[in-house]
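The values are calculated or read from the model by the stated rules, or taken from the named source; none is laboratory data. It should be emphasised that the depicted structure is a prediction, and the values quoted were computed from it without experimental measurement. When we count neighbours, we look across all protein chains shown, and the Cβ atoms used for this are built from the backbone with ideal geometry, even at glycine. Side chains included, ligands, DNA and RNA excluded: accessible areas come from the protein's heavy atoms. Shrake-Rupley method; radii C 1.70, N 1.55, O 1.52, S 1.80 Å.
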Amino acid sequence: MIIKQLDLPKQYHQSFQVRRDYAPKHHQVWHYHEELEFVHIVDGSGTLFIGDRIKAIQPGETVLIPSQTPHYWLFDTFQDQAEEMESINCIVLHFKKNLGIENLLAMPELHALKLLIDQGDRGYYINKTNRKLIKNHFEQVLNASNLDKLISLFKLLECIQDSPKEMLTSENYAMLHQSEDQHRMNNLMDYIRENYKQPIKLVDLASLAGLTENSFCRYFKQKTGKTPVQFITELRVSHACTQLRNSKMTLKEICYDSGFNNFVSFHKNFKSILGLTPLQFRQQ
């Protein structure tokens with residue numbers, strides 16, 4: 001599977017697109033697009049893969065995904081959840097940096113918003129700070145029309161500008177431009193996502209990439225900023241976070257369900273990545 005570039009539907013009378021999703025559509029495809037993607041999670045949880053970052057996502061959180069950055073949403077499903085039920089509730093915005101209008105953000109009144117967008121090449125994550133205010137702004141953008149819709153977008157971006165943020169991808173992240181890289185990395189990501197709960201051998205990943213083990217480790221670190229072991233460990237910890245929040249499984253059950261082969265390794269890696277023990281995380 002090659003990384004997929006999505007051509008988003010456009011309408012002549014709109015400079016940006018906004019929609020509400022109640023079920024994963026384009027989300028659960030490894031893809032990228034020219035537009036920036038702005039997503040507010042009203043309901044639903046899961047894991048966001050973006051560039052070299054694996055991020056557990058919960059209701060009330062917001063992310064801004066840069067243009068041309070590969071990403072993939074893996075939303076949680078539960079055994080008692082029927083397929084026809086609404087599994088998520090997300091408000092999704094897509095827009096180009098200048099909204100398709102040359103020099104629009106050169107206006108002095110929009111200088112702060114220009115900085116927000118220009119400095120967001122690594123993406124932004126906004127946690128539950130200002131949750132109600134941000135959700136209200138998203139709703140206003142969704143429901144407004146004509147000039148009010150555009151003004152609502154500017155107000156939303158202004159609110160994000162004033163909210164605490166963290167970068168999503170690392171400074172070392174290398175964008176995938178060559179089709180060979182895209183094809184190779186998609187095969188690797190698919191394999192890791194499907195098998196992270198089981199032991200994954202380095203030799204199998206190297207074989208899948210068509211490289212020697214040493215060459216593969218250098219290649220993977222160059223493209224993701226992480227070693228294969230670090231990447232898989234973070235994915236397992238992200239899954240454990242979701243289980244600690246949303247399930248009544250014991251810590252040991254979560255340990256093995258997340259792909260760790262012993263509790264000591266689970267405890268050590270969890271605390272190393274999050275600065276909390278699994279028990280402390282669940283209590284918080």
- Would you mind finding the one in Arg245, Arg236, Arg218, Arg184 that is surrounded by fewer than 16 Cβ atoms within 10 Å (Cβ to Cβ), in contact (Cβ under 8 Å) with a residue 12 or more places away in the chain and not β-branched (Val, Ile, Thr)? Arg245
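Checking the condition open to solvent by 50 Å² or more (accessible area, probe 1.4 Å) and either within 28 Å of Glu171 (Cα to Cα) or modelled with pLDDT of 90 or more (or both), which residue from His111, His94 passes?
Details: His94 fails: open to solvent by 50 Å² or more (accessible area, probe 1.4 Å).
Answer to the selection: His111.
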- What tally of residues in region 104-132 results from selecting those that are in contact (Cβ under 8 Å) with a residue 24 or more places away in the chain and over 26 Å from His71 (Cα atoms)? 2
- Task: Report, by residue number, each residue of region 88-114 that is closer than 24 Å to Asp52 by Cβ and either acidic (Asp, Glu) or out of contact with any helix residue (DSSP H, G or I) (no Cβ under 7 Å at 6 or more places or on another chain) (or both).
- Result: Cys90, Val92, His94
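Scanning region 267-284 for residues that are in contact with a Phe, Trp or Tyr (Cβ under 8 Å, 6 or more places away or on another chain) and part of a loop (DSSP other than H, G, I, E, B), which turns out farthest from Leu251 (Cα to Cα)?
Step one: filter region 267-284 for residues in contact with a Phe, Trp or Tyr (Cβ under 8 Å, 6 or more places away or on another chain), giving 269-270, 274, 276-278, 281.
Filter again for part of a loop (DSSP other than H, G, I, E, B), leaving 276-277.
Details: Leu276: 14, Thr277: 10 Å.
Ranking the candidates gives Leu276 first.
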- Item | Asp121, sole failed condition from (1) of a type in the set (Asp, Glu); (2) loosely packed, with under 14 Cβ neighbours inside 10 Å; (3) under 17 Å from Phe95 (Cα atoms); (4) modelled with pLDDT under 90 | (2)
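Here is a list: Val264, Val203. Which entry is open to solvent by 20 Å² or more (accessible area, probe 1.4 Å), hydrophobic (A, V, I, L, M, F, W, C), closer than 23 Å to Asn186 by Cβ and in a helix (DSSP H, G or I)?
Val203
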- Task: Kindly indicate whether Arg193 is touching a strand residue (DSSP E or B) at 6+ places or on another chain (Cβ under 8 Å) and of a type in the set (Lys, Arg).
- Result: yes
